[in-house]
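Written out below as structure tokens is the structure these notes cover.
The values are calculated or read from the model by the stated rules, or taken from the named source; none is laboratory data. Remember, it's a predicted structure, so these values are computed and weren't measured experimentally. FYI the Cβ positions are ideal-geometry reconstructions off the backbone, even for glycines, and counts take in every protein chain you see. For accessibility, only protein heavy atoms count, side chains too; no ligands or nucleic acids. Shrake-Rupley method; radii C 1.70, N 1.55, O 1.52, S 1.80 Å.
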Amino acid sequence: MANDTATKPASGLDALASRLADDLLTLDKELSEVDLLISQATAEAARHEARRSSVADKLGGLTSSADINDRLEQTTALVGLTKRSALMETQVEVLDGKRRALARYRDAVADYLEKLRAAGEPAGGVGGAGDEPMAPAVARLLMGAQEDLRREIARAMHDGPAQSLTNIVLQAQIVERLVGKDPEAAAGEVQQLVSMVQQTLDATKTFIFDVRPMVLDDLGLVPTLRRATRERGRRAGITVEFESMGQDQRLPMDLESGMFRMLDEALAGYLGEGPDHVTMKLDWSDRLTANVVATRAVAEPTSGPDVAIPTEEAGKNLPPALAALVEDRRSAEREAAAAAVRASIVVLPTSTWREIQDRAASVGVDAELRADGGHLHLAADLPALEAAGETA
């Protein structure tokens, strides 16, 4: 019997803890590899930059009477070194972003593992939660969520920065072919290459922010939301107004992250519906409340010629046929006004609202959708949050 127990496969909490421990070791290994690559890429970038600077100085020092072959040789060398220097700097930026994302993911896994082990420790030294296996369905749900997250990150990396880097490599090959044949044309392609590198850096930074904004851990909810509203509004070409009233404060990690995700998802959902204006307001009073409202400007309804309509009191003395016409006119104007109101409402997508509801329930936030879907209201109890923050 003892042997059977010893050889029985781990299940429930033990299986999940073992999986997280394995993931932690893998992440530590990946971080070490990325650190080594960053060190090598940084050294290589510095070497290329030093050579590029030296060649640029030599080219600048050539007189107007210098041999054309010398000038062409120096120009060709400068173009090639500029290309290599730009590529290496881009690689360093991308690797550094990956390292920071991996580090935060690694810290989160370590935190979950520590809490899981604490939850599994027997109470009073004998028995306890560790003796009760987690339901297989729950374990599969947690592991499935982890795999879904990895899959989304991999897909976003493949469709975004990875694709852009592929385009940069192709552009670099074009420059390389033109260097020996047409240096002037190559110089123009180098400018295009530099522009592509800059766009890729911007896209990579945006990708990292969307995966896990580092400013959230460093500065808190308000600075992160201020940046998110600014960046999402800029990309959508829509005015987004952000306001925070009262003294903001740091929140427990799960609540702070949950509030940001809910508000950011709501912002993205509303912007995807094509509003004219979006506002996000936080109020740090007795309760932390957050409101996101999206509106769409609609032209005033028109309804036929500009003819005065008798009041209801005056209409009582009209002939029946004329009174019926007046009532039809009033009904048409009421319907036009109601249609204009409906058209002005920007409705939060159902899928987004469902995700916000699930996340709100998991972190203890009250979530309400008002104004027929055009106004999201979130609220959390601050006194309890402060106590939780002090004990954390």
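Would you mind checking 115/205; 29/83; 29/115; 181/205 for any pair whose Cα atoms are more than 27 angstrom apart? Where the Cα-Cα span goes over 27 Å, the pairs concerned are 115/205; 29/83; 181/205.
What the Cβ-Cβ distance of residue 72 and residue 261 gives, at R0 = 56 Å and to the nearest 0.05, is a FRET efficiency of 0.50.
Spin-label pair residue 39-residue 377: with each label point 7 Å from Cα along the Cα-Cβ axis, the two points sit 5.7 nm from one another. With every protein chain in place and a 1.4 angstrom probe, the accessible-area ranking of 147, 184, 335, largest first, reads 184, 335, 147. Placing dummy labels 7 Å off each Cα toward the beta-carbon, the span from residue 163 to residue 195 is 2.0 nm. The modelled label-to-label distance between residue 235 and residue 31, using points 7 Å beyond Cα along the C-beta direction, is 2.7 nm.
Using heavy atoms of the protein chains and a probe of 1.4 Å, the accessible area assigned to residue 26 is about 70 Å². Residue order by solvent-accessible surface for 76, 200 is 76, 200, largest first, with ligands and nucleic acids left out and a 1.4 Å probe. Normalised Debye scattering of the stretch 54-121 at q = 0.25 Å⁻¹ gives log10 I(q)/I(0) of -1.00, counting only Cα atoms as equal scatterers and leaving out solvent.
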